[in-house]
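So the structure is just underneath, and the comments pick up after that.
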Amino acid sequence: MYASVKISVWLTLLLAIPASGLIVRIFMFQHDCGHNSFFASARQNRILGRVCSLVTLTPFAYWRRLHARHHGDWNNLDNRGIPADFYSDCLTLAEYEGLSRFKRWLCPGQPSCGPYPSAAAAGDFYAAVSLAIRHAVVLCGRAAQRLCVERRLVAGSRTPNEYRKPEWTPADAALHGASYLKLPWLLRWFSADIGVHHVHHLRPGIPNYRLQDCHEACKPLTAAVTTISIGDALKAPSFMLWDEKRRCMVPFPAP
């Protein structure tokens, strides 16, 4: 792409599309290495994960620790506010309505109102760079963030659940708090089938190249999982609050 700039800016912009897809795919390799699922050898997973992190600008060891916490207690309303769970962390409708106007203004469209812990304060430069990139992605790519989505966010349909501690279980959070994003073949390839997210959360040790096979092989278990299309996912950005009474995601109330 650097070389193509001398030829044509438009060519460079065109190349940015497959390049972005390849970065997503490389990150999914890093993701699986973080779960020790890409190779049978833990050492091989660590080596490839670190190599991938040079491309994704996401420090492998740091991200792996946070992601393990995400899998340990995600979609749990009583355990929110950790950086690892920025995908499924959200405010409830009642919490949002209890905020002052200023605090509502501070976090339009954000998964939480509080700032993420500062990696720079801990002296971790690479983690700070990673967090800065992540904030940019959250702000500018809300629809893309929801493509992996751990909830059905389309109004008028059954929605995956958020849970409180007494009722939270890993299996329920995976099968009823995650969704199955059906994608065409090319997007499945670029995303390494992470759209089969319910299977991934049910068994994080399954590598990405086996997720679809597992979904197909376990129909009695996966039949009730919410299935969403690209069109559904693109409608998702406005559904940002969890309504505990209706047990579904809802848009921000009108001011």
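The values are calculated or read from the model by the stated rules, or taken from the named source; none is laboratory data. Given the structure is predicted, the values throughout are model-derived calculations rather than measurements. Accessible surface is based on the protein model in full, side chains and every heavy atom, while ligands, DNA and RNA are left aside. Shrake-Rupley method; radii C 1.70, N 1.55, O 1.52, S 1.80 Å.
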| remark: Residues whose modelled amide H sits under 5 Å from the amide H of THR92, counting only those 5 or more places away in sequence or on another chain, are TRP242
| request: Would you mind working out the accessible area per residue for the range 17-78, using a 1.4 Å probe, and quoting it in Å²? | output: 49 Å²
| the range 13-86: relative contact order in percent, alpha carbon pairs under 8 Å with at least 6 residues between | 23 percent
